[in-house]
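Presented below is the structure to which this report refers.
The values are calculated or read from the model by the stated rules, or taken from the named source; none is laboratory data. Predicted model only: the values in this text are computed from it and were never measured. When we count neighbours, we look across all protein chains shown, and the Cβ atoms used for this are built from the backbone with ideal geometry, even at glycine. Just the protein is used for accessible areas: all its heavy atoms, side chains included, with ligands, DNA and RNA removed. Shrake-Rupley method; radii C 1.70, N 1.55, O 1.52, S 1.80 Å.
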Amino acid sequence: MASDYYKILGLSRSASADDIKQAYRKLSKEWHPDKHKGDKKAVDKFKEINEAYEGLNDPKKKQMYDQFGSTGSGAGSGSGAGGFGGGQGFGGFDFSGFAGGQRVDVGDLFEGFFGGGRKQPREERGGDREVEIGIDFTDTVTGARKEMQIKKLRACDMCSGSGAEKGSKLITCPDCGGTGQIMKTAQSFFGTIQQAMQCPRCKSSGKVPEKACSKCSGEGRISDVAKITLDIPAGIDDGQTLRVRGEGDAGRQGAPAGELYVHVRVRADARFTREGDDIRTVTSINVPDAILGSEIAAETVHGSTTLKIPAGTQSGQVFRIKQKGMPVLNTSRFGDHYVTVTVEIPAKLSREERKLVEEWKRLS
Ligand SMILES: [Zn+2]
Ligand SMILES: [Zn+2]
């Protein structure tokens, strides 16, 4: 079964890693079994989406897929277990929710797929994690340092991630002789076929601990809550994602860790409207200031500044204050600040004002 992963995710072959992630998030929400209770087709579709994502999300697998049209995993087709396997028991995600039709929070679901529920342990690198962080608008102006706690697999401290009990070492897997694969012979209509299967004992790594670590059962990693310090760069915008290298799940038996992706949500600010790197505000002035000109205080994200209002300013006129907008991400430049000035027509006049306006009317 050679499924077209790109087609399944509705992407072209030139899709970027971000495109792939986005398409996956959208489709997996759309086809979530929760939304299609009792629909077996939807479940299959959901599995298909997950399989396609797993094949394209990982750069190594993707390269293999692009080159050979398959990720080379023996598992894929038959069982259809896909991301549902989850049997490894790492990451603490329970997939039983699907079978029982219980509600599974989508957040948890992503956590499960990106983390523990990996179905192809051939890839020893730890899984990626995704989390969301909410920050204030002012944090995007100055940048900010945030601490957050995330659930992930971290290296086992008992065995330093090796999976081998103290005093014991990793040895060549006796079941597969270190190849990480075992050959399975099956009879078919066309004759005998040999199929390479992942070695269940070493999970493709080719090595097993002589004596498994008692704390992590030989995996070299354990589920934990980790504290992460996140530096949020100035200029970041709502909906952007930060990658924290190596802060995803620890790899199996000391293999490299996955990445942590932090999706940034910015709480709206009542005073400022952001447009790309520019900021927009609206301010009102009185009629004499509009006619005669004036100087007013304009609130920018960098504090108050003086804005010169020329004589004869019209209501709705826009003034630019150069480089008082948002910091441009990863540069030392700034966007601009635009002030829309509205002229306030007084609804009530004092007797004296009224007299003056009437006089003015006579003159003009
Ligand atoms: Zn251990
Ligand atoms: Zn083995």
Heavy atoms of residue 64 accessible to a 1.4 Å probe, total area in Å² rounded to 10: 70
Amide H partners (placed H, <5 Å) of residue 131, local residues excluded: 261, 262, 263
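With r defined as the distance between the Cβ atoms of residue 14 and residue 263 and R0 fixed at 30 Å, what FRET efficiency is calculated, to the nearest 0.05?
Values: r = 24 Å, r/R0 = 0.79.
So the FRET efficiency works out to roughly 0.80.
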Alpha-carbon Rg with Dmax, taken over region 273-363, Å: 16.9, 59
Residue 207 - accessible surface, heavy atoms, 1.4 Å probe, Å² rounded to 10: 110
Solvent-accessible surface (1.4 angstrom probe) belonging to residue 36, in square angstrom, nearest 10: 50
Estimated distance in nm for a label pair at residue 278 and residue 172, the labels positioned 7 Å out from Cα along Cα-to-Cβ: 6.8
Long-range Cα-Cα pairs in region 166-307 (distance over 23 Å), rounded percent: 66
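How about region 208-249: which GluC sites (Glu not before Pro) there are in a DSSP loop, with at most 16 other Cβ atoms within 10 Å of their Cβ? Can you show the working numbers first?
On the way: sites: 210, 219, 247; in loops: 210, 219, 247.
Passing both the DSSP loop test and the Cβ count: 210.
How much length, in nm to one decimal, is gained on full extension between residue 243 and residue 364, taken as 0.36 nm per residue of separation minus their Cα-Cα distance?
Values: separation 121, 0.36 × 121 = 43.56 nm, distance 6.49 nm.
Additional length available on full extension: 37.1 nm.
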Efficiency of FRET between residue 311 and residue 332 - r from beta-carbon atoms, R0 30 angstrom, step 0.05: 0.25
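Ordering 25, 265, 274 by accessible area with a probe of 1.4 Å, largest first, what comes out? Write down the numbers at each step before the final one.
Values: 25 75, 265 105, 274 50 Å².
In descending accessible area the options line up as 265, 25, 274.
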Using a Förster distance of 45 Å, the FRET efficiency for residue 136-residue 40 (Cβ separation, nearest 0.05): 0.50
